[in-house]
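First up is the structure itself, then whatever we jot down about it.
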Amino acid sequence: MHLATRLYRACALAGLCALAPQAHAQALEIMPIAQALEAGQRSASFTLTNRADHDTQVQVRSFQWTQANNTDVLDKTQALLVSPPFARIAPGQSQTIRLLLRQVPGGTEQAYRVVFDQLPDADPTKVALAFRLTVPVFASDAPRANADVQWRAVLEHGQGYVLAHNAGQAHAPLANLTLVDVGGHALKLSRPALPYLLVGQDGRWLIHASAQVLHAGDRLHLTTTGRGTAMDSWLTLEPSP
């Protein structure tokens, strides 16, 4: 079962919650906005706070998180338990949501998403607006596991793409990708839905070069500021096979 998700930037209700110190949905706040279970660690928690002036109800669920075709895929899982699965939080009060990892990860980091759904008010006289927060949880038994992102630029049927493959043992946070040609002209990149590249997964960015004609052998300067995966290098545009 797949579940489409949305991420929210703190205070903006849009964007990438992984890049904000805390996440908000309407007047609902969660901290921290990510969890990493290291070797030997099997539990963690989130704190959910109601900043509204009325009670709010929340449903909490966990999903196995994979990626395919630049898209996140969430599947139901019993490997990561959440407690409690439902909570009613009074104004100004907080609720601790505990996580328990039931399955020990093997040599590959496992990725999960914990989804917090703010349930609509049961009062029929009120407009029902439900919000969702989704936060990442990573689990690994490999000490000091690192991402290893390998970058390429390719030309396929006259269209340029930047490709990335994470050959490491940990997820790769990607942020602020920029691409310029040898003349210093910025080339716009399409963006995948999320700022993470999971272990063994591929990312693909379309190069929008309407004002420039790309040719095999062109040199392109790529930079990214992802934590632990920062990149500042020249790529040679490869022809399609």
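The values are calculated or read from the model by the stated rules, or taken from the named source; none is laboratory data. Quick caveat: nothing in here was measured; it's all calculated off a predicted structure. Positions of Cβ are backbone-derived with ideal geometry, glycine not excepted, and every protein chain shown enters the neighbour counts.
Points to keep in mind about this one:
Conditions tested, residue by residue: (1) over 27 Å from A111 (Cβ atoms); (2) loosely packed, with under 12 Cβ neighbours inside 10 Å.
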position: Q201; (1), (2): no, no
position: R204; (1), (2): no, no
position: L214; (1), (2): yes, no
position: L220; (1), (2): yes, no
position: G226; (1), (2): no, no
position: M231; (1), (2): no, no
position: W234; (1), (2): yes, yes
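- Those strands (runs of 3 or more DSSP E) lying entirely in region 69-158 with at least 1 residues in contact with a strand residue (DSSP E or B) (Cβ under 9 Å, 6 or more places away or on another chain), modelled with pLDDT of 90 or more and within 14 Å of V58 (Cβ to Cβ): 80-83, 86-89, 94-101, 110-119, 131-139
- The sole residue among A230, A175, A167 that is under 30 Å from Q64 (Cα atoms), touching a helix residue (DSSP H, G or I) at 6+ places or on another chain (Cβ under 7 Å) and not assigned by TED's automatic domain parsing to the domain that holds T71 is A175.
- Restricting attention to region 71-82, the residues that are surrounded by 13 or more Cβ atoms within 10 Å (Cβ to Cβ) and without any contact (Cβ under 8 Å) to a residue 60 or more places away in the chain total 5.
- Selection count, region 169-206, where residues are part of a loop (DSSP other than H, G, I, E, B) and under 17 Å from the mean Cα position of the chain (by Cα): 17
- Pairs with Cβ under 6 Å, 6+ apart, first in region 212-241 and over 17 Å from K188 (Cα atoms), second in a loop (DSSP other than H, G, I, E, B) and modelled with pLDDT of 90 or more: T229/A147; P239/A216
- Against the list (1) at pLDDT 95 or above; (2) under 28 Å from T225 (Cα atoms); (3) surrounded by fewer than 16 Cβ atoms within 10 Å (Cβ to Cβ), the condition R6 fails is (1).
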